Amino acid sequence: MSFEINARTILLGLLGHPVAHSVSPYLQNKLAEACGLNQRYMAFDIADEEALEDAVWGGYAMGVKGFNVTVPYKKAVMEYLDEIDPIAQKIGAVNTLKWTDSGWHGYNTDMPGLLRALAYDGVEIKGKNVVLIGAGGAANAALCAALEGGTARVLILNRTVAKAEELAAQFAKEYPFIPIACMGMRDDFCGFMEGFSNEWIALQTTSVGMHPDVNGLPVASDEFYKLLSVGYDIIFNPKETAFMKRTKAHGGRAFNGLRMLLFQGIRSYEIWNDVSISDEIAGEILKGMEAAIVK
Ligand code: ATR
């Protein structure tokens, strides 16, 4: 059931730059419709950090129920919050704001979103080996998910090893019993991986392979793909990336980034509305996203 906009309609929104191609308004408005809530979600293109501060406080004064925050403001927004969830603190980034009468509360739903995507696909991360490709902003939440999920060990594979080491150091203190190794693309990472298992779970967090670079592969060697049982790509355009094709060609399962996007959005929606969204509703919306958004 959906509602016409009226005087009681609750506003939610996205703050970021750019936002014109965001999938979040589609996803969040479908969730509101599925739950029969009188709310609407809009995307707001925020020019700079000064405008971000105005938007955050303006939204607060107007009683906006919640915001998602995306690139490039996930860190900057932390300055304006009354309380920050411990997971968001660890990751150092907030993507969800919830209005409370004492101020904004901040959360990171990228991390629980990825864990739920894994559970949804029947991928058990506990006790397994995870190879994280990339060490940028997206890798941060993915590493936290792997560690929270109880992975046996993590290998961070990145073009710039120093960045991988920085990321590992950020989490090493919090998870002292889980080894985190860092390697570059020219290192013998396949030899390292073979030493432990040939059923690694890969989390691909770089932009390599994103449209229009559809043939781009974040890792070139075939040996690497033979060692994967599952590959998650953060990219969803194209629907099937070169990374996913290569993983499947060697017998692994592969998924695109729509699931992570879906479940981070669902987690935000659950926080704003104090509800639980079933896998059934999630599955319906995923189908809609695949049909409507992915070319
Ligand atoms: P974000 O912060 O949004 O995740 P980013 O800062 O552009 O995005 O970087 C994402 C990751 O993609 C980084 O790990 C980056 O590698 P470097 O640390 O070496 O810069 C990786 N990346 C981006 N383009 C790449 C390319 N052409 N080849 C290999 N890695 C690449």
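The values are calculated or read from the model by the stated rules, or taken from the named source; none is laboratory data. Note that the coordinates shown come from a computational prediction; the quantities given were computed from them, not determined experimentally. Positions of Cβ are generated from backbone atoms using ideal geometry, with glycine treated the same way; all protein chains shown enter the neighbour counts. Just so you know, the surface numbers come from the protein's heavy atoms only, side chains and all, with ligands and any DNA or RNA stripped out. Shrake-Rupley method; radii C 1.70, N 1.55, O 1.52, S 1.80 Å.
A few comments on the model shown:
- Added length on full extension, which subtracts the Cα-Cα distance from 0.36 nm per residue, Ala249 to Val71: 60.8 nm
- Shape of the range 2-63, Cα gyration tensor, a/c cut at 1.5: oblate
- Estimated inter-spin distance, Arg159 and Val214, nm [label 7 Å along Cα→Cβ]: 2.2 nm
- Alpha-carbon centroids, the range 3-29 and the range 154-210: separation in whole Å: 36 Å
- Bins of 5 Å from zero: percent of alpha-carbon pairs in the range 186-295: 2, 12, 19, 19, 17, 13, 9, 7, 3, 0
- Computing Rg and the Kirkwood Rh from the Cα coordinates of the chain gives a ratio, Rg/Rh, of 0.97.
- In terms of accessible area, using a 1.4 Å probe and ignoring ligands and nucleic acids, Met62, Met111 rank largest first as Met62, Met111.
- Global geometry of the range 157-233, whether rounded, prolate or oblate, following the gyration tensor of its Cα atoms and the 1.5 cut on a/c: oblate
- Qualifying chymotrypsin sites (Phe, Trp or Tyr not before Pro) for the range 1-95 [loop in DSSP, other Cβ within 10 Å: at most 16]: Phe3
- The C-alpha atoms of the range 112-256 occupy a region whose extents along the principal axes are 38, 34, 29 Å, arranged from largest to smallest.
- Here's how it looks for Ala181: its modeled amide H is under 5 Å from those of Val154, Leu155, Ile156, which are all 5 or more places away or on a different chain.
- Sparsely packed GluC sites (Glu not before Pro) within the range 1-81, loop by DSSP, other Cβ within 10 Å at most 12: Glu4
- Cα-based shape type of the range 145-198, given that a ≥ b ≥ c are square roots of the gyration tensor eigenvalues and the cut on a/c is 1.5: oblate
- Of Cys144, Cys182, the order by accessible heavy-atom surface (1.4 Å probe, DNA, RNA and ligands excluded), from most exposed downward, is Cys182, Cys144.
- Amide H contacts under 5 Å for Ile235: Gly257, restricted to partners 5 or more places along the chain or on a different chain, H placed in the peptide plane at 1.01 Å from N.
- Nearest-10 value in Å² for the accessible area of Thr206, using the 1.4 Å probe: 30 Å²
- Heavy atoms of Asp213: accessible area, 1.4 Å probe, square angstrom to 10: 70 Å²
- Of the chymotrypsin sites (Phe, Trp or Tyr not before Pro) in the range 157-230, those whose Cβ has at most 16 other Cβ within 10 Å and which sit in DSSP loop: Phe177, Phe196
- Each residue of the range 186-201 was assigned a 3J(HN,Hα) from its phi angle through the Karplus curve 6.51 cos²θ - 1.76 cosθ + 1.60 (θ = phi - 60°); the sequence is 9, 6, 7, 6, 5, x, 4, 5, 4, x, 10, 5, 10, 10, 7, 9 Hz, with glycine and proline shown as x.
- Distance between the modelled labels on Glu124 and Ser278, one decimal in nanometres: 2.6 nm (7 Å Cα→Cβ projection).
- Placed amide H near Ile84: partners under 5 Å, 5+ positions off or other chain: Gly106
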